[in-house]
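The numbers here are math on the coordinates, done by the rules we state, and not lab data. Here the structure is a predicted model, which is why all the values come from computation and not from measurement. FYI the Cβ positions are ideal-geometry reconstructions off the backbone, even for glycines, and counts take in every protein chain you see.
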């Protein structure tokens, strides 16, 4: 059985991206899904001085070790002011110091959502450019616009948008 690691790039207790990534992971048949919460991986703000003094924080190593256990990664990024949420950027910085190629060549389904009509397109584009440099094998991408209008009771309610996601999930599943 394949093992999927899924998480949202957010620490919000009611994260729409966590809702989306949880739903998406449930669509991958015959796979075990581990849903991570960034709140369980508290990290100090990255600095080279702190790294030199104390090394890589244990929670960054734990997160990386969990990624290593998976056959594929599903991530849904929150967008704050057109970029990564601070909590994710900080984790990403620490991960890349622990292992520069921190996505480990694993197949990745990269997603974003927002309450707005662009659905996190800005952060998604940033990640599409950046993640391959850290050995991400991005096999699918998906943006869910207007989250509050298109997602309810744990699933996507817009048939067309849901079918787009199912296509991406199929590509992802076939790659793991």
* To do: List every residue pair whose Cβ atoms lie under 9 Å apart, where the two residues are 6 or more positions apart in sequence or sit on different chains, the first residue falls within region 157-170 and is over 17 Å from residue 147 (Cβ atoms), and the second residue, located anywhere, is assigned to a helix (DSSP H, G or I).
  => 169/24
* Asked: Does residue 31 meet the test of being surrounded by 15 or more Cβ atoms within 10 Å (Cβ to Cβ), touching a strand residue (DSSP E or B) at 6+ places or on another chain (Cβ under 8 Å) and within 25 Å of residue 122 (Cα to Cα)?
  -> no
* Just checking, how many residues over region 129-165 are part of a helix (DSSP H, G or I) and surrounded by 14 or more Cβ atoms within 10 Å (Cβ to Cβ)? -> 8
* To do: Specify which of the listed residues (69, 58, 99) is in contact with a helix residue (DSSP H, G or I) (Cβ under 9 Å, 6 or more places away or on another chain) and either over 27 Å from residue 151 (Cα atoms) or crowded, with 19+ Cβ neighbours inside 10 Å (or both).
  => 99
* To do: Scan 102, 81 and give me the residue that is within 29 Å of residue 162 (Cβ to Cβ) and without any contact (Cβ under 8 Å) to a residue 40 or more places away in the chain.
  => 81
* Asked: Any chance region 76-95 includes a residue that's surrounded by fewer than 16 Cβ atoms within 10 Å (Cβ to Cβ) and closer than 30 Å to residue 174 by Cβ?
  -> no
